[in-house]
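Have a look at the structure below before the remarks.
The values are calculated or read from the model by the stated rules, or taken from the named source; none is laboratory data. This is a predicted model, so every value here is computed, not measured. Cβ placement follows ideal geometry from the backbone for every residue including glycine, while neighbour counts extend to all protein chains displayed.
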Amino acid sequence: MTDEEAIALALTEAEAAARRGEVPVGAVLVGADGAVLARDGNRIVERRDPTAHAELLVLRAGAEKLNNERLLGSTLYVSLEPCAMCVGAVSLARVARLVFAADDPKGGAVLHGPRFFEQPTCHHRPEIARAGDAAAAGEILKAFFRARRSR
C-alpha cells in the first residue's frame, strides 16, 4: 500500500467521523509487513472519552492485534497533524513513520505548537512524511465546523 492509498483510507475514516458528529479526523495503522492493522476515526463524543482520538484508537487496536505495545516498523497515517497527546503515544509505541495530510497550526504538535519530536525529552522520533491532498483534508474539517456554526 502506498502512502497516498493509506492517506485516502484515513480521509474516508475522517468523513465517517464527521457523519457521526465527531471532529473529522481519521487514522490508519499499517504494520511492518504492509498490512492494515487498524483504521478508525475520532469517537470522542460517541464514547464520552476525551482520549478517543483516531490515532489512539488505531494504536490501541494495533497493539492488541500484535499482542505487543511496541509497534516496531509500523506507519501511522493521519488526515490531520496529530496533537501532543497523540504524538506522545506515537513515541511511546515506537511507530517507525508518521504520515499526515493537513497541517494543524492550532492543535498540531509535530510542525506546530510544542514540536514534540524536537524536544530533548522525546525518547523516540519517527520518520515524518507528508502525503495526500492537504487541501482536501483541511476542507473536510472546515466544512464540518462551518456546518456547526450555522446551526
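Would the stretch 13-21 turn up any residue that is of a type outside the set (S, T, Y), farther than 28 Å from A147 by Cα and at pLDDT 95 or above?
Scanning the stretch 13-21 turns up no residue that is of a type outside the set (S, T, Y), farther than 28 Å from A147 by Cα and at pLDDT 95 or above.
Can you list the helices (runs of 4 or more DSSP H) lying wholly within the stretch 1-106 that have 1 or more residues being of a type in the set (A, V, I, L, M) and buried (at least 24 other Cβ atoms within 10 Å of the Cβ)?
Once the helices (runs of 4 or more DSSP H) in the stretch 1-106 are filtered for at least 1 residues that are of a type in the set (A, V, I, L, M) and buried (at least 24 other Cβ atoms within 10 Å of the Cβ), what remains is 3-19, 54-66, 84-93.
Name the residues in the stretch 123-151 that are of a type in the set (A, V, I, L, M, F, W, C) and crowded, with 16+ Cβ neighbours inside 10 Å, would you?
Hits for the stretch 123-151 are A131, A134, A137, I140, L141, F144.
Of everything in the stretch 84-122 that's farther than 26 Å from N68 by Cα and of a type in the set (K, R), which residue is modelled with the lowest pLDDT?
K106
Condition first: over 20 Å from T2 (Cβ atoms), small (G, A, S) and touching an Asp or Glu at 6+ places or on another chain (Cβ under 8 Å). Now tell me which residues in the stretch 69-106 satisfy that.
Of everything in the stretch 69-106, those that are over 20 Å from T2 (Cβ atoms), small (G, A, S) and touching an Asp or Glu at 6+ places or on another chain (Cβ under 8 Å) turn out to be A89, A93.
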